[in-house]
Each structure stands twice: as structure tokens, then as C-alpha cells.
Amino acid sequence: MSTVPISAYLTLALVLFCIGLYGALTKRNTVIVLISIELMLNAGNINLVAFSKFGMMPSIDGQVFALFAIAVAAAEVAVGLAILIAIYRNRKTVNVDEFDALKH
Amino acid sequence: MSGEFLIFMLLALIAIVGGVMMLNLTKVVHMVVALVFTFISVAGVYVMLSAEFIAVVQILIYSGAITIMMLFGIMLTRHNDNSEPKAGRIRKILIFLSILGFGLVFYLGIYNVEFTQEATTLHENNTEQIGLAIYSKYVIPFELTSVILLVALIGAIILAKRDDLEEADKE
Amino acid sequence: MMEFAWIIPLFPLLSFLLLIVYGKKWGSAAPYIGMLLTFASFIVSLLVLVARFENPTYKAEATWLTIGDATLTAGFEVNQLNALMLVIVSLVSFLVHMYSKGYMQGDERISVFYSYLGLFTFAMLGLVLSPNLLQTYIFWELVGVGSFLLIGFYFYKEEAKAAAKKAFIMTRIGDVALFIGMILLFWQVGSFEYDEIFASVSAGTISSEMITLTAILIFIGAVGKSGQFPLHSWLPDAMEGPTPVSALIHAATMVAAGVYLVATMFPVFAASEAALMTVAIVGAFTAIFAASIGLVQKDIKRVLAYSTVSQLGFMMLALGSAGYVAGVFHLTTHAFFKALLFLAAGSVIHAVHTQDIEKMGGLWKKLRLTGPLFLIGTLAISGVPLLSGFFSKDEILVATWVHGHTILFLLAIIAAFMTAFYMFRLFFLVFGGEARGDTNHVKESPNVMTVPMWVLAFLAIFAGYINTPWFGSFLGDWLTDGNAALGHGHIEGPIWIMGLATAVSLLGIALAWLIYSRKSLSRDWLSSRAPYAYQLVNKKYYIDEFYHFTVVKAASILSRVARLFEVIIVEGLIKLITAFITGLSKLGSRMQDGQVQTYGTVAFLGLAVLVIVLALTGGYL
């Protein structure tokens with residue numbers, strides 16, 4: 001029997017998620033924004049894995065979900081960085097507040 | 001105060017400190033390195049949750065691949081690190097406050113969550129269990145994941161590739 | 001014939017509509033259109049008058065509106081007074097149309113002028129035909145509009161613009177009182193119909209205080225329109241309009257509308273001694289007041305204007321002394337001889353191109369036709385025996401005396417003396433003596449201008465014989481026939497009044513002759529003796545200045561305050577709202593800066609608010 005309650009894991013995940021969200025919304029550097037998003041995904045993964053052990057119906061499924069999430073996250077990072085490189089080539093900057101093409 | 005709890009506290013502390021440092025450091029490379037601590041301690045948390053395979057994957061993908069990729073991204077672009085963000089102080093405070101409220105509400109929802117059941121057999125042949133699940137129950141999502149990875153691979157190459165025509169135009 | 005009386009006002013209306021639409025295109029044909037159509041309405045009016053001699057009053061009405069229990073009707077009525085007024089108005093209007101053909105020759109806006117004349121004639125005829133107060137009021141205001149347009153016809157002249165505004169606003173003061181009186185009557189009687197109003201007045205269903213109040217309010221409306229003191233000062237200024245307009249509107253017809261209104265509402269006035277007294281006093285005071293101003297004016301048209309005000313005062317005095325017949329009779333004769341005087345004055349102005357009588361003189365030999373015509377008008381208005389003015393003025397004096405107003409009678413006698421004096425002063429200064437200005441190029445007016453004057457001169461001489469003490473009071477008997485409330489057809493008075501009136505007018509003429517023609521008395525004989533009185537009269541008793549420093553200043557202060565309120569509070573509120581909206585939209589457009597982080601922030605902010613609100617209100621805490 002584990003002595004660490006599930007709420008402790010969930011709280012850790014919540015704190016990490018909040019940190020990642022703050023970084024994603026305030027940081028100027030696109031690389032840091034991307035990595036903050038990875039942190040948020042990680043927090044989600046902690047939840048999945050925690051529920052696979054302590055959930056209503058604990059099973060291995062949660063871990064499998066976490067694996068899929070990691071795979072998708074990896075793909076996302078690859079594409080995100082590729083986009084960053086492409087934008088950098090055109091705009092010579094990586095500051096997210098100078099990307100305002102959405103306005104037009 | 002069991003040893004298990006102590007270890008959890010330690011890992012959690014490292015993870016959170018890593019995140020906070022990521023927010024407060026000024027150099028981009030330092031930020032990425034600070035986050036590596038977080039990722040590794042999260043892997044530790046996975047081990048505590050009887051998910052050894054996920055823990056290994058976490059270290060391989062996050063601490064290894066993704067971090068390295070980020071570092072490459074940083075290397076390939078120029079960073080004037082000293083420039084302070086232009087985003088207004090008011091906006092930062094606003095975001096901070098709303099995140100605080102958001103987190104508080106969720107904390108109120110989860111702080112005394114207690115499920116009676118607990119899986120006890122997850123750590124036995126963990127990798128085998130995952131493998132069985134993937135190749136039987138989740139075989140279709142698994143195959144779809146491979147397609148996603150392929151698309152991401154091709155997409156990343158096409159996006160990052162230098163456009164020869166454009167180059168010719170520039171010269 | 002009387003059932004077709006409604007067609008009379010439609011001819012001038014047609015003239016107005018045709019000329020306002022096609023006037024530019026037709027150009028010089030415009031006067032003929034106007035003349036033709038007004039002549040048609042004159043002929044119909046004449047036929048209606050003849051028909052009215054033999055038949056009783058004709059009245060046709062249709063329901064216009066039904067509001068609750070009250071029914072408003074629209075229609076027309078031909079009674080004695082209406083039929084008489086129809087002929088006067090349409091005749092003078094036709095003659096003025098004809099005269100204007102010569103007077104306005106060469107004015108490029110002549111078609112506009114004729115269309116305005118048509119509008120005015122339509123309104124005046126409609127006013128005369130109205131069988132109820134509401135319809136009267138509508139046409140009453142339309143007449144005001146016509147007057148406004150015609151006074152301001154030379155709108156490029158500052159004085160004309162100011163005069164038009166002044167006329168409109170000052171008559172509006174009276175109109176407000178008229179409106180209140182009208183509404184009060186409707187409240188009391190439940191109808192605007194003259195007949196029903198008179199019926200309930202004679203039945204005694206209205207309290208005598210209410211009758212007095214409404215009668216005085218209606219009289220204030222008449223005061224505004226007829227230029228009685230204290231709302232008289234617009235009428236002399238209205239002389240800025242073209243002279244034929246002055247003859248038509250500000251001498252013969254519109255200003256007589258006030259007298260007509262009092263005459264129409266006479267049964268209401270007759271029911272209240274106080275109201276009659278008010279009318280009589282205002283009339284007598286105006287008569288002598290305006291006559292005294294007329295003594296010193298130097299502008300030919302202004303002298304005539306003050307003379308008009310004074311004569312209208314005589315009519316009011318007659319009505320106020322229960323002399324219904326005398327008032328209407330004088331209205332009729334005055335319409336003819338005053339129109340004649342104005343047209344003759346127009347002819348003089350047309351010839352010498354000035355209105356200053358000091359620059360005229362010696363025109364008798366130059367204007368072979370206008371001179372005698374002007375003399376006929378002058379004799380008539382002065383009350384020289386055997387001309388029309390003599391009989392009607394005599395009627396008024398008799399009515400005043402018989403009614404027992406000794407003081408008012410004396411005032412009227414003095415006013416009659418002044419009238420004779422200033423009219424002959426005018427005549428001698430313009431036509432007698434030596435030329436004081438450049439009169440070499442003076443030419444007699446064309447026939448189209450003199451013919452209307454001959455017609456009016458004929459009427460100015462002979463119109464009096466329809467109601468004389470000698471040959472029977474035909475007009476009076478006819479006017480009061482079948483309506484006891486209007487009083488007797490003829491009021492018997494002592495014979496010495498006629499002698500006194502004659503003596504007074506001859507005295508006035510003689511004095512004017514001595515001063516201005518024989519020059520045996522110095523011109524400044526009187527003014528040097530009483531310089532302050534002269535100054536007072538010359539400045540028109542400072543009435544305009546008084547109004548300027550009281551009413552105008554007060555109104556301007558009030559409007560300044562209102563403007564401040566408008567600018568600060570109302571516009572401030574509006575600006576606040578617009579600034580709020582602008583700020584909101586500026587914020588919105590600043591939000592849309594194309595940056596992902598801003599969008600994410602806004603989206604997350606919304607989510608956080610929703611979650612917090614849900615947690616607070618959903619009972620999850």
C-alpha cells in the first residue's frame with residue numbers, strides 16, 4: 001500500500017501545468033514557449049500515469065495513453081521547431097511578439 | 001513520514017524548482033537545462049507510480065531527444081537574450097492572477113481526492129503488460145501514431161528545408 | 001352657387017403649385033397664370049356673395065377625425081361676413097397680382113413671387129371660409145407663413161431677413177395665446193365649431209370667468225396678427241417686403257385677419273363685458289399711439305404702416321364697443337383705400353426709387369395719374385365727407401359714444417385728427433412743393449399698375465355708400481340679419497358726432513396744409529417746442545429698444561443657459577458614451593494584434609473567469 005496519496009501527484013501535476021502555462025503565455029522566446037508547452041504535456045502525463053495506478057478502475061491503459069501522448073508530443077516538437085526555423089529564415093527573429101501574421 | 005513520501009517530496013521539489021528556474025533564468029540555454037531537471041524528476045515520479053517503462057521513455061524522449069532538439073533550435077537561430085519582454089507588466093500580473101485562481105480552484109477540487117482501489121500488479125512485467133496492451137487492444141491507435149510520426153517527419157523536413165527557388169530569386 | 005364656395009381657395013392654390021413647379025420654365029408667363037387664377041376665384045367669390053344675398057347661410061362639413069367622444073370636422077361655411085371677406089380678399093389679391101406685373105417687372109424671381117402670392121391668397125381665403133376654430137388656426141398659421149415668405153422676399157437684404165423673422169416670431173407670440181384659448185374652448189365646449197361654441201356661450205354652460213379668459217386669449221392672437229399694441233412693432237418693419245405685398249398682406253387682408261377673428265368670435269366677446277372692454281381699450285390706445293408715431297416718420301411706407309396699425313386699432317375699438325357692423329364696415333373700406341394708398345406709394349417708389357419722403361416733393365406734376373389716386377386714398381382715410389372712410393369712421397365714433405366710452409371716444413377723435421394731419425403731411429411732402437431730389441427721370445407707371453389703382457379708387461370713394469345714415473344701413477342690416485348676438489344693424493347716434501368728425505379731419509388737413517404746403521408755420525414749430533416728446537415719438541416710444549433690452553436679452557440669456565446645458569451636460573453625456581464605445585473598440589482592436597500569446601491570454605482569461613465563477617456559484621466549495 002502506497003503512502004503517498006493520489007492528491008499529492010495531482011497537485012504536483014497541477015503546479016507543473018501552471019508553471020508551463022505561465023511560461024507559454026509570457027515568454028518571448030519561441031523555443032521557451034515550445035518547451036513550456038512540453039512541460040504542460042508532461043503534467044498531463046503525470047495525471048494519466050497516476051490514474052492508472054490509483055484511479056476508479058486502475059489498469060495499464062493509463063500508461064499506454066501516456067506513451068501515445070509522449071509520441072505525439074515528440075512529433076509536435078519536431079514540427080514546431082521546423083516552423084520556427086522557417087519563420088526565422090524569413091523574419092530573422094525568434095521573438096513570438098514579433099510574429100503578427102495572424103492580424104492580416 | 002515514510003521513505004516513499006520523502007522521495008516524492010524530493011522529486012516534486014526538484015521538478016518545481018526546475019520549472020521556476022526555467023521561468024526566471026535569462027539565458028535560453030540555461031532555461032532548457034533547468035527544465036531537464038524537471039523532466040528527470042518527473043521520470044522518478046513515474047517509477048514511484050509503477051510505470052518503469054514510461055519512466056525510461058520519459059528520460060529517452062524528453063531529457064534526451066526533445067532537449068537536444070531544442071538546443072539545436074537555439075543554436076540555429078540567433079538569440080539576443082538580454083532583451084526584456086515587451087509584454088506589459090499589467091498583462092503579466094493579469095495572467096499570474098488568473099493562473100493562481102485557476103490553480104486554486106483545481107486544487108480545491110483535488111486536494112482530498114481518494115480512490116479506494118489501487119492497482120498492485122502494474123510493476124510486475126510492466127513492459128510486457130504494455131506491449132500486450134499496445135499490440136492487442138490499442139493496435140489501431142498505435143499504427144495511427146506511426147503515421148503521425150511519419151507525417152511529422154516529412155513535414156519537419158519540408159518546412160525546415162531551404163527553398164531553392166526562393167534562394168535563386170534572392171541572388 | 002354657395003355649395004361651390006370651396007373651390008375659391010383652390011384657384012390660388014393651383015396657382016401656387018403650378019408656379020412653384022413650372023415657374024422657372026414659364027418665366028414671364030407666370031404673372032398671367034397668377035392673375036387668371038385669382039381672377040377666377042374673384043368671380044366665384046362675387047357669385048357666392050350675390051347668392052348669399054338671397055339664400056341663408058350655407059355650411060358643409062365632413063368628419064375629419066374622431067377622438068373619443070369628440071369629433072373634428074372640416075368644411076366650409078358661407079355666412080354674411082365670410083362672403084364679404086371672400087370678395088374683399090380675392091378682389092384685392094387679384095388687383096395686387098395685376099399691379100405686381102408692372103411693379104416686379106424685370107425681377108428674375110417673379111415666378112417665385114407670384115407663387116408666394118398664390119400661397120398667401122389660398123391661405124387667406126381658406127381662413128375666411130373656415131367653419132371651426134381648428135381650421136381657422138391652421139390657415140391662420142399658413143397666412144403667417146405666406147407673410148413670412150413675402151416679407152423676406154428680398155432675402156439678400158439683412159433688414160428684410162430680420163423683418164421676416166421679427167414678423168414671424170412676434171405673431172407667433174399671439175398665436176400661442178390663441179392656441180391656448182382655442183384649447184380652453186374645446187375643453188369647455190367639446191367642439192371647435194363656431195356654432196356650438198356660440199350655442200354653449202348663449203346657453204350659459206361656460207362660466208363667465210372662462211369666457212372672459214378665452215376671449216382675451218383669442219384677442220391676444222388677434223393682437224399679434226393685427227399689429228395692435230404691444231405686438232405692433234413687426235408691422236412697420238414688414239414694409240421691407242415688396243410694396244404690392246405690403247398692400248395685400250399688411251394693409252388689406254392678413255392684418256385684418258385679427259379683426260376678422262374677433263368679428264367671427266364676436267358672440268363670445270359680447271358675452272363678456274371685461275373682454276369687450278379690453279378690446280376697446282387696446283384698440284383705442286393703439287389707434288392714437290400708432291397715429292402719433294406716424295406723425296414724424298420719414299419713410300413713405302412706414303407712415304402708411306403706422307396708419308394701418310392705427311386704423312386696425314379703430315376697428316378693434318369698434319368691435320370692443322359692441323359696434324360689430326362698424327368694425328366690419330371699416331375693415332371693408334379700409335381694405336380698399338389702404339390698398340390704394342400702398343399701391344400708389346409703390347407707384348411713387350417705382351418712379352423715384354426711394355422711400356424717403358424728404359427726397360420727394362413736387363411729384364404732382366410728374367405723376368399725373370398716381371397723384372390724384374393717392375389724393376383720393378388720403379381723403380378717404382382722413383374721413384373727408386362723402387368718401388368711404390368718412391362713413392365707416394363715423395360709425396365707429398358713434399358706436400363708441402353710444403356704448404358710453406367717453407374717454408375712448410376722445411382718444412378716437414384725437415387719433416382721427418392725427419390721421420388727417422399725417423396723411424396730408426405725407427401727401428404734401430411727396431406731391432406738393434418743389435422737388436427736393438432728382439426727379440428728372442420720373443415716369444408715370446404703366447397701365448397695368450394704374451388700372452388696379454383706379455378700381456380701388458372707385459371703391460374707396462363709393463364703398464361707403466353701402467352703409468350710410470342717409471341712404472339706409474344696407475350692409476349693417478344684412479350682416480346682422482338672423483343673428484341677434486351681433487347687435488343692431490345701425491346704431492343711432494347724435495348728429496353732432498358726424499359734424500365733429502368732419503371738423504376734426506378738416507382741421508388736421510388744414511394744419512398739414514399750413515405747415516407743409518403754405519409753410520406759414522415752421523416745420524419744427526412743434527418739435528422745437530417739445531424736443532423730448534418729439535424724440536420720444538420719433539423713436540417710436542422706444543418700444544423696439546424696450547423689447548430689445550427686456551424680451552430679447554432675456555431670451556438670449558435663457559438660450560445661452562440652455563446652450564451651456566446642451567454643450568456641457570447633453571453633449572458631455574453623448575461624448576461619454578461615444579468615448580466609452582470608442583475606448584472599448586480601441587481596446588478590442590489592440591487586443592487583435594496578431595500575436596498568439598495575446599489570443600491565448602484572452603482565451604485563458606475567459607476560461608479562468610468561467611472556472612472561478614462556476615466554483616463560486618456552483619456550490620463546489
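The values are calculated or read from the model by the stated rules, or taken from the named source; none is laboratory data. The structure displayed is predicted, hence computed values, not measured ones. Counting neighbours? That spans all protein chains shown, and the Cβs are built from the backbone with ideal geometry, glycine included. The area values use the complete protein model at the heavy-atom level, side chains included, leaving out ligands, DNA and RNA. Shrake-Rupley method; radii C 1.70, N 1.55, O 1.52, S 1.80 Å.
For residues that are part of a loop (DSSP other than H, G, I, E, B) and either at pLDDT 90 or above or among the aromatic types (Phe, Trp, Tyr) (or both), tally how many sit in segment B:63-116.
To start, the set of residues in segment B:63-116 that are part of a loop (DSSP other than H, G, I, E, B) comprises B:77-88, B:111-116.
Among the residues that remain, those that are also either at pLDDT 90 or above or among the aromatic types (Phe, Trp, Tyr) (or both) are: B:111, B:115.
The total comes to 2.
Just name the residue that is surrounded by the most Cβ atoms within 10 Å (Cβ to Cβ) out of those in segment C:381-440 that are over 26 Å from residue C:299 (Cα atoms), within 25 Å of the chain's Cα centre (by Cα) and among the β-branched types (Val, Ile, Thr).
C:400
I'd like the residue in segment C:351-365 that is touching a helix residue (DSSP H, G or I) at 6+ places or on another chain (Cβ under 7 Å) and open to solvent by 10 Å² or more (accessible area, probe 1.4 Å) and, out of all such residues, is farthest from residue C:239 (Cα to Cα).
Taking segment C:351-365 as the starting set, the residues that turn out to be touching a helix residue (DSSP H, G or I) at 6+ places or on another chain (Cβ under 7 Å) are C:355, C:357, C:360-361, C:363-364.
Filter once more, keeping what is open to solvent by 10 Å² or more (accessible area, probe 1.4 Å): C:355, C:364.
Working: C:355: 11, C:364: 24 Å.
Of everything passing the filter in segment C:351-365, C:364 is farthest from residue C:239 (Cα to Cα).
Scanning segment B:1-47 for residues that are more than 28 Å from residue A:25 (Cα to Cα) and facing chain A (nearest Cβ under 7 Å), which turns out surrounded by the most Cβ atoms within 10 Å (Cβ to Cβ)?
B:8
Filter segment A:81-103 for residues that are within 7 Å of another protein chain (Cβ to nearest Cβ) and open to solvent by 50 Å² or more (accessible area, probe 1.4 Å); which is nearest to residue C:590 (Cα to Cα)?
Per the stated criteria, the residue is A:103.
Might you check whether a residue that is within 13 Å of chain C (Cβ to nearest Cβ), outside any loop (DSSP other than H, G, I, E, B) and touching a helix residue (DSSP H, G or I) at 6+ places or on another chain (Cβ under 7 Å) occurs anywhere in segment A:68-80? Step through it out loud before you land on a result.
Filtering segment A:68-80 for residues within 13 Å of chain C (Cβ to nearest Cβ) gives A:80.
If we keep only those that are outside any loop (DSSP other than H, G, I, E, B) too, we end up with A:80.
Cutting the leftovers down to touching a helix residue (DSSP H, G or I) at 6+ places or on another chain (Cβ under 7 Å) gives us A:80.
Looking through segment A:68-80, at least one residue is within 13 Å of chain C (Cβ to nearest Cβ), outside any loop (DSSP other than H, G, I, E, B) and touching a helix residue (DSSP H, G or I) at 6+ places or on another chain (Cβ under 7 Å).
If you check residue C:602 against the conditions, is it within 14 Å of chain A (Cβ to nearest Cβ), closer than 23 Å to residue A:97 by Cα and in a helix (DSSP H, G or I)? Break it down into steps so the answer makes sense when it comes.
Values: within 14 Å of chain A (Cβ to nearest Cβ): yes; closer than 23 Å to residue A:97 by Cα: yes; in a helix (DSSP H, G or I): yes.
So residue C:602 fits the description; yes.
Assuming residue B:99 fulfils every condition listed in (1) more than 8 Å from chain A (Cβ to nearest Cβ); (2) open to solvent by less than 70 Å² (accessible area, probe 1.4 Å); (3) more than 24 Å from residue A:59 (Cβ to Cβ) apart from one, which condition is it?
(1)
Considering only segment C:144-189, how many residues are part of a helix (DSSP H, G or I) and either open to solvent by 50 Å² or more (accessible area, probe 1.4 Å) or of a type in the set (A, V, I, L, M) (or both)? If you could, list the steps in order and put the result at the bottom.
Residues of segment C:144-189 that are part of a helix (DSSP H, G or I), as a first pass: C:144-151, C:158-189.
Those still in the list that are either open to solvent by 50 Å² or more (accessible area, probe 1.4 Å) or of a type in the set (A, V, I, L, M) (or both) too: C:145, C:148-151, C:158-165, C:167-170, C:172-173, C:176-180, C:182-189.
Looking only at that region, the number is 32.
Considering only residues of segment C:61-82 that are without any contact (Cβ under 8 Å) to a residue 24 or more places away in the chain and open to solvent by 60 Å² or more (accessible area, probe 1.4 Å), which is farthest from residue C:135 (Cα to Cα)? Talk me through it step by step, then tell me what you get.
We begin by selecting, within segment C:61-82, every residue without any contact (Cβ under 8 Å) to a residue 24 or more places away in the chain; these are C:62-68.
Retained after the next criterion (residues that are open to solvent by 60 Å² or more (accessible area, probe 1.4 Å)): C:63-68.
Values: C:63: 13, C:64: 11, C:65: 13, C:66: 15, C:67: 16, C:68: 19 Å.
Among those residues, the one meeting the criterion is C:68.
Return the residue satisfying two criteria in turn: it lies in segment C:106-135 and is in contact (Cβ under 8 Å) with a residue 40 or more places away in the chain and not in a helix (DSSP H, G or I), and of such residues it is most open to solvent (accessible area, probe 1.4 Å).
C:109
Looking only at residues that are out of contact with any Gly (no Cβ under 7 Å at 6 or more places or on another chain) and farther than 15 Å from residue B:44 by Cα in segment A:38-52, which one is farthest from the other protein chains (Cβ to nearest Cβ)?
Checking each candidate, the answer is A:44.
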